[in-house]
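**Q** Structure provided below as structure tokens; questions to follow.
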Amino acid sequence: MIILFTDFGMCDPYVGQIKARLAEYAPAQTVVDLLHEVPDYNSHAGAHLLAAFAAGFQPGSVFLAVVDPGVGTPRDGVVVMAGGRWYVGPDNGLLSLVAARNTDTRLWRITWLPDDLSRTFHGRDVFAVIAAEIARGEFPESKLSQIDKLEVEFDAGELSRVIYIDHFGNAWVGVRNVPKDAQVSAAGKLFKYSESFGFVGKGEGFWFNNSVGLLELAVNRGNAAISFGLKVGDVVQVKDSTTTFH
Amino acid sequence: MIILFTDFGMCDPYVGQIKARLAEYAPAQTVVDLLHEVPDYNSHAGAHLLAAFAAGFQPGSVFLAVVDPGVGTPRDGVVVMAGGRWYVGPDNGLLSLVAARNTDTRLWRITWLPDDLSRTFHGRDVFAVIAAEIARGEFPESKLSQIDKLEVEFDAGELSRVIYIDHFGNAWVGVRNVPKDAQVSAAGKLFKYSESFGFVGKGEGFWFNNSVGLLELAVNRGNAAISFGLKVGDVVQVKDSTTTFH
Amino acid sequence: MIILFTDFGMCDPYVGQIKARLAEYAPAQTVVDLLHEVPDYNSHAGAHLLAAFAAGFQPGSVFLAVVDPGVGTPRDGVVVMAGGRWYVGPDNGLLSLVAARNTDTRLWRITWLPDDLSRTFHGRDVFAVIAAEIARGEFPESKLSQIDKLEVEFDAGELSRVIYIDHFGNAWVGVRNVPKDAQVSAAGKLFKYSESFGFVGKGEGFWFNNSVGLLELAVNRGNAAISFGLKVGDVVQVKDSTTTFH
């Protein structure tokens, strides 16, 4: 399975071009759109999101992960094997959390470029081809060079900021598995804990550990982002008996 | 074929997680995104939309239908067989119209929960698994218990309100097969009938019976929702020689 | 492979209905969503976009191309074979650029209509069926009549206007392969040339030849459409040593 994770936009003509390339190079593979609305150009938020999603996909899955504002500049492309899963994308930190949070991690730099390379769409021209070859079980050794370390590495701990806002207005935060008795506040407001939406009043705000293990701020049948003025990058304070993130 | 019908949003990372689960449990099945923009939390509008779409899909199709603001509370999950098609989703009225409008209807409560159940994403953890098993022809009897009646049932007649607005600004109404000589008004305005867009002037409003048999308000090359201030839930008045809906 | 290119909207329930039809008539074919956000009703912009994308798809590909504000009126449906690729859609100019820009072009009018034809969704009822038959290698001769000329033909040269704006705010222009030393201006501003985003300052505007060969106006890590007030239809001035488009 090839999983797409990008900031290319679900509605723009970029994803379709990638899928046409994948269909050419790996016709038998299932391709799944996980997310094409990673906050634009934000490889930091993307890295935390990708690391949270990864565990939900089977070992052997290949992630084509592209948030790449440096496309066309001398930044490298890389392949990461971590937790039994494969990741292909730019070396700008996006893949650094999945690399750091696993113990079986192996890294390769992509040394190959196609003859008809565009300057602005390596997701289609380079990363899709490499991902397709890995997915179909033909590891492209001749196009890669093993490396010891990524060029760009983000802190692999928690990121106590809003990293994604969904269409319901729910705000995802880059902090994992928060204890129920923690104090969570954002936008000057203390949020209460609830296991799910239907246990708080209509229009009431709360926090919960979401279905991929991240802290999430929400409003039952309402829009937390609008109600509390939350946006990607906002700091969220999380205090429990042992730790404070802020 | 598995058909997805939800309010999860086309652009958020929920649909991709469901598709990964379906690919694992029913790898040979075609999966079609019918609609992921059912008005948020609105199982009533969703029920009328789903019932209108159903006839366009072949018998044996399996609908994974999830508009589920009560996820994580004690509401049940159900399987409905109606009109030769299968439906899997929450027992909150969403499936009650397809159930009521067919004569071959059979109903089951889902008694199974997976070990790694999340509190907020039963679409992925429960409904996708059941839908996959039905689609691949292995009816999961041991995970179900036959029932006589759904817990939540909506009125199975017409719903004379706006139930969906598309990106053109066209407003769908939950009333079927309206005679051409009916009087249709909304937002204080009487709409004229036209068979299609190109038969009225540019910028002119009209109503028609749309491609799934529902009343639709539109503007030729314009945006009816903006022009007339229409939104989901607005009442539409429909009077013909035999009936008045309002 | 069947490639979808429409203004039906990625988030509305139209594309799913088309895919269900394709799955019925051409179950073994890969279907790729290239673009469902062609500017609404704008077959002129659509024609230039489609012609730019075509070369990136393999010969034998079948494009289902529908921007069809005249649906239900007497406008014809057509099949175009051009550059070794197939196109199915309305005869309103949308397919006229791919037809004019190739030398192997052949044209057919669609003479068949299904019994259960809707008045407003020929994309599903007519064009999808024809595209499916071509894709599965059974050319539907009995449903077609060869013609010499399309009813509606746009100028096959450059279109020096904004024809698409993506979610980053990048503005695509219908002019191909512009020399680096050309003078490009829009919204009263002269844009500088850059090969890609990362070579100009953060927030700085520039133009480049994009990954399908069209002129594109962008801002590094910013939104060109918002920064410069660009919208679809805006004139862009392009002057090089040999030609002026304006």
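Every read-out reported here was derived from the displayed coordinates using simple, explicitly stated rules and does not represent laboratory data. No experiment lies behind these values; they were computed from the predicted model shown. Here the Cβ positions follow ideal geometry from the backbone for every residue, glycine too, while neighbour counts run over all protein chains shown.
**Q** What are the equivalent ellipsoid semi-axes of the protein assembly as shown, built from the alpha-carbon gyration tensor (square roots of five times its eigenvalues), in whole angstrom, biggest first?
**A** 37, 37, 25
**Q** Using Cα pairs under 8 angstrom and six or more residues apart, how large is the relative contact order of chain C, in percent?
**A** Relative contact order here is 17 percent.
**Q** Next up: Output wanted: per-residue J couplings in Hz (rounded whole) for the range B:80-95, from phi through Karplus 6.51 cos²θ - 1.76 cosθ + 1.60, θ = phi - 60°, x for Gly and Pro.
**A** With coefficients 6.51, -1.76 and 1.60, one gets 10, 10, 8, x, x, 10, 10, 9, 10, x, x, 8, 10, x, 4, 9 Hz.
**Q** Between the alpha-carbon centers of the range A:124-157 and the range B:87-112, tell me the distance in whole angstrom.
**A** Going from one Cα centre to the other spans 46 Å.
**Q** Spin-label point model (7 Å from Cα, Cβ direction): what's the C:Ser145 to B:Gln58 distance in nm?
**A** That separation, rounded to one decimal, is 3.2 nm.
**Q** Give, as ranges by residue number, the residues of the range B:27-66 whose backbone N falls under 15 Å from the point 7 Å along Cα→Cβ of B:Glu138.
**A** B:27-29
**Q** If one computes the Cα centroid of the range C:185-246 and of the range B:1-65, what distance in Å separates the two points?
**A** Using only Cα atoms, the two centres lie 40 Å from each other.
**Q** Next question. Just the number, please: percent antiparallel of the DSSP beta bridges in the protein assembly as shown, rounded to the nearest 5. Don't jump to the answer; show the numbers that get you there.
**A** Details: 111 of 150 bridges.
Bridges in the protein assembly as shown are about 75 percent antiparallel.
**Q** In B, who owns the beta-carbon nearest the axis carrying B over to A, and how many Å from it?
**A** Per the B/A rotation axis, the closest residue of B reads B:Met10, 3.
**Q** How big is the range C:2-147 by the Kirkwood estimate over distinct Cα pairs, in Å? Before the final figure, lay out each step's value.
**A** Working: mean 1/r = 0.0674 Å⁻¹.
Taking the inverse mean of 1/r over all distinct Cα pairs, the range C:2-147 comes out at 14.8 Å.
**Q** I've got another one for you. Using a basic spin-label model with each label point 7 Å from the Cα along Cα→Cβ, how many nm lie between B:Asp115 and A:Thr244?
**A** It is 4.0 nm.
**Q** Given bins 10 angstrom wide, list per bin the percent of all Cα-Cα distances in the range C:159-245, short to long.
**A** Per 10 Å bin, starting at 0, the Cα pair percentages come out as 20, 59, 20, 1.
**Q** Just from the alpha-carbon atoms, what are the Rg and Dmax of chain A in angstroms?
**A** Cα radius of gyration and Dmax of chain A are 18.9, 59 Å respectively.
**Q** Using the Karplus curve 6.51 cos²θ - 1.76 cosθ + 1.60 with θ = phi - 60°, work out ³J(HN,Hα) for each residue of the range A:114-126 in order, rounded to whole Hz, and write x for Gly and Pro.
**A** Going residue by residue, I get x, 5, 9, 4, 7, 8, 10, 9, 5, x, 7, 7, 10 Hz, with x marking Gly and Pro.
**Q** Another question, then. Hey, if you drop one equal point scatterer on each alpha-carbon of the range C:124-163 and run the Debye formula without solvent, what base-10 log of I(q)/I(0) do you get at q = 0.25, 0.32 Å⁻¹?
**A** Debye intensities relative to I(0), on a log10 scale: -0.88, -1.09.
**Q** Could you tell me which GluC sites (Glu not before Pro) in the range A:126-226 are loop residues by DSSP with no more than 12 other beta carbons within 10 angstrom of their beta carbon? Could you put the intermediate results ahead of the total?
**A** On the way: sites: A:Glu133, A:Glu138, A:Glu141, A:Glu151, A:Glu153, A:Glu158, A:Glu195, A:Glu204, A:Glu216; in loops: A:Glu138, A:Glu151, A:Glu153, A:Glu158, A:Glu195, A:Glu204.
In loop regions of the range A:126-226 (DSSP not H, G, I, E or B), the sparsely surrounded GluC sites (Glu not before Pro) are A:Glu138.
**Q** Of the cross-linked pairs C:Lys192/C:Lys231; B:Lys231/C:Lys231; A:Lys19/B:Lys231; A:Lys180/B:Lys149, which ones have a Cα-Cα span greater than 28 Å in the structure shown?
**A** Details: C:Lys192/C:Lys231 19 Å; B:Lys231/C:Lys231 26 Å; A:Lys19/B:Lys231 35 Å; A:Lys180/B:Lys149 37 Å.
Check vs 28 Å cut-off fails for A:Lys19/B:Lys231; A:Lys180/B:Lys149.
**Q** Of the chymotrypsin sites (Phe, Trp or Tyr not before Pro) in the range B:108-212, which ones lie in a loop per DSSP and count no more than 15 other C-beta atoms within 10 Å? Display every interim value, and only then the final one.
**A** Details: sites: B:Trp108, B:Trp112, B:Phe121, B:Phe127, B:Phe154, B:Tyr164, B:Phe168, B:Trp172, B:Phe191, B:Tyr193, B:Phe197, B:Phe199, B:Phe206, B:Trp207, B:Phe208; in loops: B:Trp112, B:Phe121, B:Phe154, B:Phe168.
When the chymotrypsin sites (Phe, Trp or Tyr not before Pro) of the range B:108-212 are filtered for loop state and at most 15 Cβ neighbours within 10 Å, B:Trp112 remain.
**Q** Take A:Leu190 and C:Lys231, extend 7 Å from each Cα along the Cα→Cβ direction, and tell me the distance between the two endpoints in nm.
**A** My value for the distance between the label points is 4.8 nm.
**Q** Roughly how tilted is helix A:43-54, in degrees to the nearest 10 and between 0 and 90, from the longest Cα axis of chain A?
**A** Around 90 degrees separate the two axes.
**Q** For the range A:2-147, what is the percent of antiparallel DSSP beta bridges, rounded to the nearest 5?
**A** Given both bridge residues lie in the range A:2-147, the antiparallel proportion sits at roughly 55 percent.
**Q** Right, another one. Under 10 Å, Cα contacts only: if you run a Gaussian network model on chain B, which one of B:Thr103, B:Thr111, B:Thr120 comes out with the highest mean-square fluctuation?
**A** Largest GNM mean-square fluctuation: B:Thr103.
**Q** Specify, per residue and in Å³, the volume enclosed by the convex hull of the alpha carbon atoms belonging to the range A:104-182.
**A** Details: hull volume 16.3 nm³, N = 79.
Output value, Cα hull per residue: 206 Å³.
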